[in-house]
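The values are calculated or read from the model by the stated rules, or taken from the named source; none is laboratory data. No experiment lies behind these values; they were computed from the predicted model shown. Cβ sites come from the backbone with ideal geometry, for glycine too, and all protein chains shown count toward neighbours. Only protein heavy atoms, including side chains, enter the accessible area calculation; ligands, DNA and RNA are left aside. Shrake-Rupley method; radii C 1.70, N 1.55, O 1.52, S 1.80 Å.
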Amino acid sequence: MGGGGKSDLALPLSELEDYGDRLRDIKTRLNQTKKLFESYKDDLGDHTVHDALDDFESGWEDGREDIGQSLDALAKMSDAVVREFKKLDDDLAKNVSEGVRTKQRDSAK
């Protein structure tokens, strides 16, 4: 514990809980670029724009796969941190509760 009764460990758990889902959402949106480009095909007029977007999509596919794997790994790590932090918090609360009960029993003797 640091000075003033403040914990040395601070974790924005509520924000971190959503982090994995946000990363997965980014991956989903990245994987929808082809569908997005196709949805505008008729609106683009000249086929050269669509062809350029198709070329971009083809080139982007390899890089997107690498990014997707990284996003998956980060999301899993985020989930693990939240899970382990909650477990630690529950364990600490249980230990404190058991310590208080033991102290109350000892003082009652």
Legend entry - Single residue of the stretch 27-83 satisfying the filter (touching a residue at least 24 places away in the same chain (Cβ under 8 Å) and of a type in the set (A, V, I, L, M)) that is nearest to LEU16 (Cα to Cα): VAL82
Inset, instruction - Could you please give the count of residues in the stretch 29-47 that are of a type in the set (Val, Ile, Thr) and open to solvent by 70 Å² or more (accessible area, probe 1.4 Å)? - result: 0
Inset, instruction - Considering only the stretch 61-81, state which residues are open to solvent by less than 60 Å² (accessible area, probe 1.4 Å) and either among the hydrophobic types (A, V, I, L, M, F, W, C) or touching a Ser or Thr at 6+ places or on another chain (Cβ under 6 Å) (or both). - result: LEU71, ALA73, ALA75, ALA80
Inset, instruction - Name, by its number, the condition in (1) more than 23 Å from ASP90 (Cα to Cα); (2) open to solvent by 100 Å² or more (accessible area, probe 1.4 Å); (3) modelled with pLDDT under 85 that does not hold for ARG22. - result: (3)
